[in-house]
Amino acid sequence: MTQAAQRTRFTAEPLTFIVKHELWDGNIHDHADQGVSIVVVAQVAGKETALLRFHCFDLERSYIYGPENPHVQIEGPMMLGGRARMSHGMGQLYRMDPIADGNPIGWTIRTLEKKLPKMLVRAGYPEVAAATDLAAVAQILPDVEGCARELYAAQRNTVKHNRGTHVFEAGNIKFGLEMRRLPVGDGGLAIHILADLAGATQNSYVEETEILAFDCFWDGPHYHYGPRNKNHRIYWDRTLVEDPLGWVFEQFEGKKLGPMIERAGYPGVAADLDMEKIAAMLPIVKQKARELQATGEALTGHPGLPLEPTPNLVPH
């Protein structure tokens, strides 16, 4: 039986609440992040227009008044020398405080329950605010919340790469090297940082997990924080980082590996790093990595790129 598509639009005339999962790539869309957006829209001058937008992401927790209204006034306090000015179409953005406001989806729903008309007026749509049926809105907000929470958990973008064709152990982590090629043709040398999680190595349920990944591709080089967990993906600025593989080893040799593992969501792994073992292993890993890059250059003209595609274990 075909499963019906999940409902992500909830209407209480004249408003519609749109819920969707979004993945942001660092240096492409904005900072590396992902989560759920809740957008309040209505017909304005014959066009579906975003009136309010809420970002319920891992890092970006914010809301925007009038993201499509060029006449929204940006207001600043007098003590900062701020006078009202037009937003020129970007709206006015405010940050949620993750400490005071708590879970961003819960905060958004509670705020819509209590402050929606005032927020619509602030966004520059007093006519829509006056026409809003608050009883109808109250009826659909539980569905909006349920959808948002389900999408946040179920639609998270993660990836399970291969562990690598050459694996080097260094205390509680391993370095996996792999020549990768995507079906579109891009690829190059990848470095996978692996750790055994969820049990002692003698237990059947122990799981080797990739906690960082560095894809030193010839066209779109990038790296992942927690590809199986957060999957916050950052693309290098190739004008500034001409040798991504060299950049990676600079971070490792500069004692950045621990903080990077923490940011990936594994503070316990970071705390148990044996820096002496890592320092002893890095020259060996680096030498093999450069050899694989040279192999790819000889085969394809691009460092570390194999002849055939190398699909991930789990593509998404």
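Odds and ends about this structure:
- Any hit, the range 219-242, residues being surrounded by fewer than 16 Cβ atoms within 10 Å (Cβ to Cβ) and closer than 23 Å to F168 by Cβ: no
- Any hit, the range 192-200, residues being part of a loop (DSSP other than H, G, I, E, B) and under 21 Å from Q287 (Cβ atoms): no
- Residue that is surrounded by the fewest Cβ atoms within 10 Å (Cβ to Cβ), among those in the range 26-40 that are touching a residue at least 60 places away in the same chain (Cβ under 8 Å) and over 11 Å from the mean Cα position of the chain (by Cα): I28
- The residues on offer are L307, L292, L245, L282, and the sole one that is of a type in the set (A, V, I, L, M, F, W, C), assigned to a loop (DSSP other than H, G, I, E, B) and either loosely packed, with under 15 Cβ neighbours inside 10 Å or assigned by TED's automatic domain parsing to the domain that holds H222 (or both) is L307.
- Unmet requirement for A135, which otherwise passes all of (1) surrounded by 13 or more Cβ atoms within 10 Å (Cβ to Cβ); (2) more than 23 Å from the chain's Cα centre (by Cα): (1)
- Residues that are under 21 Å from Y235 (Cβ atoms) and either assigned to a strand (DSSP E or B) or not assigned by TED's automatic domain parsing to the domain that holds I99 (or both) occur in the range 53-65; there is at least one.
- Test result for M260, surrounded by fewer than 14 Cβ atoms within 10 Å (Cβ to Cβ) and either small (G, A, S) or assigned by TED's automatic domain parsing to the domain that holds L177 (or both): no
- Residue check for D237: among the charged types (D, E, K, R), farther than 20 Å from D58 by Cβ, in the same structural domain as P183 (by TED's automatic domain parsing) and part of a loop (DSSP other than H, G, I, E, B): yes
- Yes/no for T209 being over 17 Å from L177 (Cβ atoms), under 24 Å from the mean Cα position of the chain (by Cα) and in a loop (DSSP other than H, G, I, E, B): no
- Qualifying residue in the range 255-272 (condition: modelled with pLDDT of 95 or more, of a type in the set (S, T, Y) and more than 26 Å from L305 (Cα to Cα)): yes
- Filter result for P104 (under 30 Å from F214 (Cβ atoms), in the same structural domain as A45 (by TED's automatic domain parsing) and at pLDDT 95 or above): yes
The values are calculated or read from the model by the stated rules, or taken from the named source; none is laboratory data. Only a predicted model underlies this, so the values are computations on that prediction, with no experimental measurement involved. No Cβ is skipped: glycine too gets one built from the backbone with ideal geometry, and neighbour counts run over all protein chains shown.
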